[in-house]
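The values are calculated or read from the model by the stated rules, or taken from the named source; none is laboratory data. A quick note: this is a predicted structure, and the numbers were derived from the prediction, not measured. Methodologically, a virtual Cβ is constructed for each residue, glycine included, from the backbone with ideal geometry; neighbour enumeration extends over all protein chains shown.
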Amino acid sequence: MNVLPDDLQTELPVELNTQARRIVYDSQKTIYTLLLDIVRIKDPAFVLSLFKDLFINLVENVNSAPSQAIQEIVFANNEEEFKNTLKRCCYILVNNWEAARDHQAIRELIAILSEPLISQNTTSKKLRLIRKWLNNFIKSKDYQDLKMFALKHEDREKGHWSYRYTSYLLVPQYIDRTNPIEQRKAARTLSKQLKDKFKLDLAMYTSRAASAGTRDKTLKNPTGLGDEVINLIKMIVARRGQFNYVSLANIFIQQTQDLTYKDFKRSLQKYLIFCLANKQLATTLNIKLSEKLNVLYESYDAEPINKLLLLKTCEGVIEFLTTENYQSPSELFLLLIFQKTPLTLVILLLNIVLICKPSRLRLEGGIADLIRYYEKFSESDCQLIIKFVEFFNVTFTIYAEDVEYNLIKINNDDSDEGSIAEWEDYRVFSQLKGNAKPDADPLDEKKSL
């Protein structure tokens, strides 16, 4: 077995030759296979003890293949490969414990990585090196991503305001193909669980509020909007008449399927502007969208529109309306948010997804980027952003395929039903449908132009 020479300096080149890379790959496979085998049959305490011996204590056992394997990875002196090994092992355990609903084991795993022992000095050069790598990992985004799986429900409700939107913060993890497949699956699973819980909680709250009235403080409101959410739901459901968003999207799809790409972009612009009641805002947005769309994939302008161009264009418009650099808010996002029209922005985004459902992945990734950008600010300074995310949550839940909301007029007077001025005259009822179609698998490969 190779051991780390006493005179090894961490500044030495870490590029691996073909033979070293093969040794590291085989060593990683040995560790992954072991964890996959034992996590299904052994008590979590046993698995956690082994994990700690391998990655924290670096226990040497000449008769143990996993021990020898981790020694080989350390000997290769490549911090990136060590981090990749650690990440994948963590997510192998997280996936299996999540499936077994053993959330305490997940929390204990993540706690192990932040033990004070890791920061203690040691005379062992091998331990000193591995603890340096562990400390670097703890300071990285990778560890922050991992910690999301340890958050308790009460932590999400009472902790930092961004924790309430973990279902979106997980999206970048499962659409990033450079992440281990176990991490992507774990992120997708938890994100879906959180969305399904919100969907059910909102439906239950709406149904009970319809019978008990919103003044009943015992009702559990899953949003951060307070009683305002009921009127918001009524307003959104009221727009699902003859010319609702779904119908308009279907008409748009039918009328544009034979257009050239250039003509399609012009029609898309008109389609998006159509829903805006504020004429001044519509004019401004029309000019800004025109500037963006005219140059978008313009080399394809003479080509007929197809599914791939549709997807890439919708993703492009989503970026115009959220974040164009995956980090900071776009000009159009700021324009719409600071004019205090978050619902208008949400409806624009909804109309895009209704004509191209696969674009929702990019949209949710954009929402996550915006939350990450603003999370460094206090909740009181982010009220407009929070309101936008809450409106987004509610609106997209109402338009989900497996939830049906209906607006019923209780007071049968002769007032104008088209205006629906008095929301107190209406009750909204919700029910889950049993014929929902599964969402597109975000782990599938996506084509590019």
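Quick notes on this structure:
- Scanning region 314-328 for residues that are assigned to a helix (DSSP H, G or I), surrounded by fewer than 22 Cβ atoms within 10 Å (Cβ to Cβ), free of Cβ contacts under 8 Å to residues at least 24 places away in the same chain and in contact with a helix residue (DSSP H, G or I) (Cβ under 6 Å, 6 or more places away or on another chain) turns up nothing.
- Single residue of K52, K29, K42 found to be modelled with pLDDT of 90 or more and in a loop (DSSP other than H, G, I, E, B): K42
- Residues within region 112-140 that are exposed (fewer than 12 other Cβ atoms within 10 Å of the Cβ) and in a helix (DSSP H, G or I), tallied: 2
Yes or no, residue by residue, for (1) buried (at least 21 other Cβ atoms within 10 Å of the Cβ); (2) part of a helix (DSSP H, G or I):
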| position | (1), (2) |
| --- | --- |
| I352 | yes, yes |
| P358 | no, yes |
| E364 | yes, yes |
| L370 | yes, yes |
| Y373 | no, yes |
| K376 | no, no |
| S380 | no, yes |
| Q383 | no, yes |
| K387 | no, yes |
